[in-house]
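Data first, discussion second: the structure below is written as structure tokens.
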Amino acid sequence: MSTTIPAAATVANPRRSEADRAMRRLLFLPVDAPKASLLDGQGAFSTSIAISAARCLITYVLLPVLRPLVDLSGGVGPALGLVVGFVSMVAISYSMRRFFAADHKYRWYYAAIGGAIFALLVVQTVVDLRAALA
């Protein structure tokens with residue numbers, strides 16, 4: 001009985017640029033790990049987009065409509081914004097990890113868009129914290 005693995009079943013570690021390796025370290029991914037499934041990256045992207053869309057709807061549509069109907073004073077609005085923003089940041093981080101784990105061809109485009117949205121969420125977090133503490 002031979003226990004050798006067929007050549008087709010072995011996966012070589014892909015060569016990555018120094019920028020890819022640095023991003024993988026930043027995202028706490030193994031630097032020289034083989035590619036993950038592309039479907040994981042696309043599924044994480046879809047989830048992240050859905051969460052971001054829900055966050056935008058809550059922040060820019062639902063809260064302004066409900067403000068006159070329900071008293072959202074007393075820190076409820078900023079507290080809700082903090083929770084929804086945190087969930088969005090986690091979803092962006094998760095999907096970015098999946099894109100880089102899969103070495104997806106659009107990983108850097110998503111990193112730019114996701115990074116910009118993440119930065120805006122950090123600014124919104126500061127605004128919400130100041131409103132909640134005021």
(request) Might you check whether a residue that is out of contact with any helix residue (DSSP H, G or I) (no Cβ under 7 Å at 6 or more places or on another chain), exposed (fewer than 11 other Cβ atoms within 10 Å of the Cβ) and either at pLDDT 85 or above or assigned to a loop (DSSP other than H, G, I, E, B) (or both) occurs anywhere in the stretch 75-92? (result) no
(request) Give VAL76, VAL90 a once-over and let me know the one that is under 12 Å from the mean Cα position of the chain (by Cα) and not small (Gly, Ala, Ser). (result) VAL90
(message) Considering only the stretch 27-39, I want to know if a residue exists there that is aromatic (Phe, Trp, Tyr), in a loop (DSSP other than H, G, I, E, B), modelled with pLDDT of 80 or more and within 22 Å of the chain's Cα centre (by Cα).
(response) yes
(request) Kindly indicate whether any position in the stretch 119-128 is at pLDDT below 90 and surrounded by 15 or more Cβ atoms within 10 Å (Cβ to Cβ). (result) yes
(message) Please go through the stretch 93-134 and give me each residue that is out of contact with any helix residue (DSSP H, G or I) (no Cβ under 7 Å at 6 or more places or on another chain) and part of a loop (DSSP other than H, G, I, E, B), ordered by number.
(response) ASP103, LYS105, TYR106, ALA134
(request) Can you give me the number of residues within the stretch 40-73 that are small (Gly, Ala, Ser), surrounded by 15 or more Cβ atoms within 10 Å (Cβ to Cβ) and modelled with pLDDT of 80 or more? (result) 1
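The values are calculated or read from the model by the stated rules, or taken from the named source; none is laboratory data. Since this is a predicted model, take the numbers as computed values, not measurements. Don't worry about glycine lacking a Cβ; one is built from the backbone with ideal geometry, like all the others, and counts go over all protein chains shown.
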